[in-house]
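A short write-up of the structure that comes next.
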Amino acid sequence: MHATPTTEPSSAPAVSWFSTLKVYLEPASLRMLALGFSAGLPLLLVFGTLSFWLREAGVDRSTIGHMSWVGVAYGFKWAWSPLVDRLPLPLLTRLLGRRRSWLLLAQACIMAALCTMAFTDPKLALAPVVWCAIALAFASATQDIALDAFRIESGDSQHQAALSATYMAGYRLAMIWAGAGALWIAAASETPNAELYQYSAWRTAYLAMAASMLPGMLTVLFSREPAQRALPAARNAADWLRGALLEPFADFLRRYRWQAVLILALIATYRISDVVMGIMANPFYVDMGYTKAEVATVTKVYGVVMTLLGAFVGGAMALRLGVMRVLMLGALLSAGSNLLFAWLGTQGHSLQALVAVISADNFSSGIATAAFVAYLSSLTNVSYSATQYALFSSMMVLLPKFVAGFSGDFVNAYGYSSFFTATACLGVPVLLLVTLASRVKTAPSP
């Protein structure tokens, strides 16, 4: 049945904190922990960690910012999500089912793209790295489409916040490995007393990341395919295209009518302050003189732990207080924490200041993300879970990634302090949109 969002605390039954925490140990939640790791691994390897590699290789900040447009692939994944939702894969679908077959194919493509990227030196030829990054982004987006549908179909509306939180836990653990792990491996693989940039060290790191996709692939193989509604029989190709491409979007518009514009506006802007700021975070650390080990320890390990804590707190708060209230809190905290990076730029090379800023920023991000994923899931009709969630998550990154492409140009022109302040201001309109969206009542699907 269709999952409806929890807009008021009275709309959900009261639960004890013990029951709230116990839900994280259920089999569906544990599967989301493992599969979240598979989903989180590619993201930093095509954005954050890659930007560190590129900056160390001498690539200009503006070029790094423009390369973030690779992420537009995530913004257009709705275009091929109907194929993932409906199209069976030869042999694989018969053996594994619709969701797991697409998951396994996407994971194999991610592994291949990482291996190819590992054998390409951006200092000698940047174009091959760009093409590898594009392939990696498309494969990762495809995995997200299938995995989001798998998650939504694995639990009812009351469990979506918990599934989202454990998904985020696995996702963030993968980001520790793809962020801190990659930097540690690169640092450990460097030849002592050699030049600062050593391509062979990064090659080793990216090959290790490619091998790290294996646990996710094994999880897919040993998981059960979630129960799905039978697809209506298509009399011809036109019927199939109408059911796969048009009906998921028509269903959303029928249920929300003009309010769909408000919902999509909120989705398109909710994470804009974090996404735009995040593109320049690693170049900022490099330019501030932080070493690979310092960045890995503070931002990629400790920071991710703080995000995990925020995600679990956000998931639990959503169950008790309602998603919309936590969504508002997350929007406020996420935008405000960007101002701390402007302050950090005035502190020089200070690990204590870095720890303080990362604590506040990542905890805020965890709360916001857990609530936002639960909100997106609640808007989805399970009959079109892959396509509709892909639309929502695509809208979530399309505008922010486009704006983020100019982040390097802004920093070159005005400096880091003005940049971080501007990204905080981007979050102000989001507060109004959350207020308006909280008044929207969900119309259940027929």
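What follows is calculated from the coordinates using simple rules that are stated; it is not laboratory data. The structure displayed is predicted, hence computed values, not measured ones. For neighbour counting, all protein chains shown are included, and Cβ atoms are generated from backbone atoms with ideal geometry for every residue, glycine included.
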Checklist entry - Hey, in the GNM for the chain with a 10 angstrom Cα cutoff, which one of Leu114, Leu196, Leu35 fluctuates hardest? => result Leu196
Checklist entry - Once the Cβ-Cβ distance between Asp409 and Asp239 is put in as r, and R0 is 51 Å, what FRET efficiency do you end up with, to the nearest 0.05? => result 0.60
Checklist entry - Quick one: what Rg and Dmax do you get for segment 262-301 from the alpha carbons, in Å? => result 14.4, 44
Checklist entry - For the chain, with equal point scatterers placed on the C-alpha atoms only and solvent neglected, what are the log10 I(q)/I(0) values from the Debye formula at q = 0.06, 0.09 1/Å, to two decimals? => result -0.24, -0.54
Checklist outcome for this item: Comparing Trp177, Trp102, Trp131 in a Gaussian network model of the chain (Cα, 10 Å), the one with the largest mean-square fluctuation is Trp131
Checklist entry - Could you put Thr346, Thr63 in order, starting from the residue whose Cβ has the fewest other Cβ atoms within 10 Å? => result Thr346, Thr63
Checklist entry - For Ala127 and Arg439, what is the calculated FRET efficiency with R₀ set at 56 Å and r taken between the beta-carbons, to the nearest 0.05? => result 0.70
Checklist entry - In a GNM of the chain with a 10 Å cut-off on Cα contacts, which of Gln388, Gln352, Gln198 has the highest mean-square fluctuation? => result Gln352
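Which FRET efficiency value, to the nearest 0.05, do you get for Phe222 and Glu294 by plugging their Cβ-Cβ distance into 1/(1 + (r/R0)^6) with R0 = 60 Å? Numbers along the way, then the final one.
Values: r = 38 Å, r/R0 = 0.64.
With R0 = 60 Å, the Cβ-Cβ based efficiency is 0.95.
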Item to check | Whole-Hz couplings from phi, Karplus 6.51/-1.76/1.60, listed for segment 358-365; x for Gly and Pro | outcome: 5, 4, 5, 5, 6, 4, 4, 4
Checklist outcome for this item: The answer for the longest stretch of the chain without any exposed trypsin sites (Lys or Arg not before Pro) (DSSP loop, at most 15 further Cβ atoms within 10 Å) is 258-438
Item to check | Karplus-derived 3J(HN,Hα), 6.51/-1.76/1.60, for each residue of segment 290-298, Hz, glycine and proline x | outcome: 6, 7, 4, 5, 5, 5, 4, 5, 7
Checklist entry - Using θ = phi - 60° and the Karplus form 6.51 cos²θ - 1.76 cosθ + 1.60, what ³J(HN,Hα) does each residue of segment 132-144 get, whole Hz, x for Gly and Pro? => result 5, 5, 5, 4, 5, 5, 5, 5, 5, 5, 5, 4, 4
Checklist entry - Cα-based Rg (one decimal) and Dmax (whole number) for segment 343-446, in Å? => result 17.9, 59
